[in-house]
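Student: First the structure, then my questions, so here it is.
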Amino acid sequence: MLKRVVLLVFVLAFFVSTSVLAADVIKLTYANYYAPTHVMSHFGETFCKDIKERTKGRVEITYNTGGSLLAAPKVYNGVVTGLADIGLSNLSYTRGRFPVMEIMELPLGFSSGYVGAMVATDFYQKFKPKEWDQVQMLYWNTSAPNLIASRSKQIRTLEDLKNERVRAIGSTADIIKALGGTPMPLEIPDVYEALRRGVIDDIFGPMEMMKGWKFHELLKSVTASWQIGSVYAFYIIMNKDKYNRLPADIKTIFDQTAKEYMEKSAISRDKEDIEGKELITGNGGQIILLSEAEAKRWQKATEPLIANFKKDLIGKGYKEKEVDEWIAFVRERIQYWKGQQKAKGIPSAF
């Protein structure tokens, strides 16, 4: 009888302790709109695995790619409302929602994905735009410079862009307008088919798209207009309440892991851009370099967009002096991080 009682107590204790341990596991969800094979999906997946390992199993993150949980335009609101706990998206999908951070999409001369990510991080940390107050920012990532890649026509001058239908979203569409093209705001999963069917003529984006979305199969030339250098800016955010409820040690793990992934993914963007360049040329495509005189024409054509950005923010209640400070800060940081990238020997496509 005593043995039975002892055995029963042991079994009950086992189930109680197992239940407590199961209840202690923090379960989260992560929404990513990229295809599962894309390098940014890989980074999201390994981020989730690293969090689980570094918290010794106390946090488990269910990872959802390809927009299966939230489509790109819905990621921010989905994280705010708790449909997902963590999410990755692009500023350009919700134009006007984050007017201050859209400074990253201006043609300010970003030279690489590494420079873009570092500048976005510096800008966010220094100025803390209120437009992000509803979420916990984990880290920033940007594309390499947006370039014009063409299905058939070679774009060598501004005149060549006239009436070209170019995939461009958010405020980057204004750059295409300023250059004389017609922007087409397609979501990225729809672009391959639109190119194949001739619905669009060109895309405006980084060369890593050639690999990540297989556009090298359809595009024949890339115009290396890096002198006007705008980038697509990506944010990786977390539900603020979920983050605030994490134990202090787990918060530290999240913060440290996010910082690590910011730099790793920034370097990877340029690696992917170089590989995209090699895919284009290896498939018989051509990289078209602008002459110095032509590059200046492109810069002059897009200069009004910077003035318009400033005017728009002043209209939203921001002071002219602070907007001027933001633009000057970004320009200074671009030059600083270009120097750092070169000093560290981190390769870029141009």
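The values are calculated or read from the model by the stated rules, or taken from the named source; none is laboratory data. Computed from a predicted model, the values in this text were never measured in an experiment. A quick note on method: Cβ atoms are made from the backbone with ideal geometry, for glycine too, and the neighbour counts reach across all protein chains shown.
Student: Select from segment 165-191 the residues that are in contact with a Ser or Thr (Cβ under 7 Å, 6 or more places away or on another chain) and surrounded by fewer than 21 Cβ atoms within 10 Å (Cβ to Cβ) and list them in ascending order.
Tutor: Scanning segment 165-191 gives 165, 178.
Student: In segment 117-130, how many are within 17 Å of the chain's Cα centre (by Cα) and over 21 Å from residue 252 (Cβ atoms)?
Tutor: Residues meeting the conditions: 6.
Student: Another one. When you go through 117, 144, 71, 84 one by one, which is the residue that is among the hydrophobic types (A, V, I, L, M, F, W, C), buried (at least 16 other Cβ atoms within 10 Å of the Cβ) and out of contact with any Phe, Trp or Tyr (no Cβ under 7 Å at 6 or more places or on another chain)?
Tutor: Testing whether each residue is among the hydrophobic types (A, V, I, L, M, F, W, C), buried (at least 16 other Cβ atoms within 10 Å of the Cβ) and out of contact with any Phe, Trp or Tyr (no Cβ under 7 Å at 6 or more places or on another chain) leaves just 144.
Student: Considering every residue within segment 311-322, establish whether at least one is in a loop (DSSP other than H, G, I, E, B) and either in contact (Cβ under 8 Å) with a residue 24 or more places away in the chain or under 26 Å from the mean Cα position of the chain (by Cα) (or both).
Tutor: Yes, segment 311-322 contains a residue that is in a loop (DSSP other than H, G, I, E, B) and either in contact (Cβ under 8 Å) with a residue 24 or more places away in the chain or under 26 Å from the mean Cα position of the chain (by Cα) (or both).
Student: Something else: Looking at segment 150-243, what helices (runs of 4 or more DSSP H) fall wholly within it and have at least 3 residues that are at pLDDT 95 or above?
Tutor: Helices (runs of 4 or more DSSP H) meeting the threshold: 172-178, 191-197.
Student: Keeping to segment 234-255, report how many residues are free of Cβ contacts under 8 Å to residues at least 24 places away in the same chain and among the polar types (S, T, N, Q).
Tutor: Total meeting the criteria: 1.
Student: Looking for something part of a loop (DSSP other than H, G, I, E, B) and crowded, with 21+ Cβ neighbours inside 10 Å - is there at least one such residue anywhere in segment 131-138?
Tutor: No.
Student: Test residue 222 against the criterion of being surrounded by 22 or more Cβ atoms within 10 Å (Cβ to Cβ) and over 19 Å from the mean Cα position of the chain (by Cα), and give yes or no.
Tutor: Yes, satisfied.
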